[in-house]
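Worksheet: one structure, shown below.
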Amino acid sequence: MDPNQPASTPESRRSAIAVAGVGAGIAALRAPRRSARAALIAAAHSTVRKQGYAATTVDQICAAAGVTKGAFFHHFASKEALAVAAAEAWTERARPMFEMPPHTKLDDPLARLIGHIDFRFAMLDGPVEEFTCFVGTMVQEAFATSDAIRTACEASINAYCAALTPDIEATMARYGAPEDVTALGLAQHIQAVLQGSFILAKTTNDPAIARESVTHLKRYIGMLFAPPGAP
């Protein structure tokens, strides 16, 4: 057994089974539709996640996309304009994780929430640049130099939190929660842990430390919604 694998709980056994079917969802996240414009956006996603926004040039993006520089400027006025479009596309690219995986069909909202954490855990594999977040990477560099990029990244991260909030609200309604816990606040915490785990993985160039962080996140959620007096 992998020591980094999150511990099974009664609420998550069905979601653990569902994780076995996340391959199609992960493939969908990593294989966006290709066209000239989409190829440039996909190239921005992969290149920026690997080497950062500032270090990525238009020429490099064109080379990775297999298009000419003229084609680039046909679609985008600047690298910043591409970055904004790529942040918006990142939101759409992430949408399948809230619609496709089997855990999204579970009746128990806590099982769905745990299933989502298991899904994110399963994605933490392979080269670091293939599972880290495009908007999280880009906003760390550009938040103070490009308000357009910062705003686009904020919208993408907010969209993730908004998509996660309904299951958290339903879990709180069924299982209860401390008075100072809000559904949006917990969604933002989940996002913060994930983004932090990506940074840790970059420090070691290895997903193991990120998987450990997500294991702790799953444990925290289990304890947060445990019945009173549960061990």
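Hey, does the stretch 200-207 have a residue that's of a type outside the set (Val, Ile, Thr) and either farther than 22 Å from Gln140 by Cβ or open to solvent by 80 Å² or more (accessible area, probe 1.4 Å) (or both)? Checked against the condition, which is being of a type outside the set (Val, Ile, Thr) and either farther than 22 Å from Gln140 by Cβ or open to solvent by 80 Å² or more (accessible area, probe 1.4 Å) (or both), the stretch 200-207 yields at least one hit. The set of residues from the stretch 53-62 being open to solvent by less than 80 Å² (accessible area, probe 1.4 Å) and outside any loop (DSSP other than H, G, I, E, B) comprises Val58, Gln60, Ile61, Cys62. Do we have any residue at all in the stretch 139-158 that's at pLDDT 95 or above, of a type in the set (Phe, Trp, Tyr) and crowded, with 20+ Cβ neighbours inside 10 Å? So far as the stretch 139-158 goes, no, none of its residues is at pLDDT 95 or above, of a type in the set (Phe, Trp, Tyr) and crowded, with 20+ Cβ neighbours inside 10 Å. Scanning the stretch 166-188 for residues that are open to solvent by 80 Å² or more (accessible area, probe 1.4 Å) and closer than 17 Å to His116 by Cβ gives Glu169, Arg174, Leu184, Gln188.
Can you list the helices (runs of 4 or more DSSP H) found entirely within the stretch 145-231 that contain at least 3 residues being closer than 30 Å to Lys79 by Cα and in contact (Cβ under 8 Å) with a residue 24 or more places away in the chain? Don't jump to the end; show me each part of the working.
Working: elements: 147-175, 183-204, 208-224.
Fully inside the stretch 145-231 and qualifying: 147-175, 183-204.
Comparison of Ala71, Ala43, Ala77, Ala87 shows that the only residue that is assigned to a helix (DSSP H, G or I), of a type in the set (Gly, Ala, Ser) and open to solvent by 10 Å² or more (accessible area, probe 1.4 Å) is Ala71. When Arg112 is tested against (1) closer than 17 Å to Thr91 by Cα; (2) touching a Leu at 6+ places or on another chain (Cβ under 9 Å), just one condition goes unmet, and that condition is (1).
The values are calculated or read from the model by the stated rules, or taken from the named source; none is laboratory data. Computed from a prediction, not measured in an experiment: that's the story for all the values here. A quick note on method: Cβ atoms are made from the backbone with ideal geometry, for glycine too, and the neighbour counts reach across all protein chains shown. Accessible surface is based on the protein model in full, side chains and every heavy atom, while ligands, DNA and RNA are left aside. Shrake-Rupley method; radii C 1.70, N 1.55, O 1.52, S 1.80 Å.
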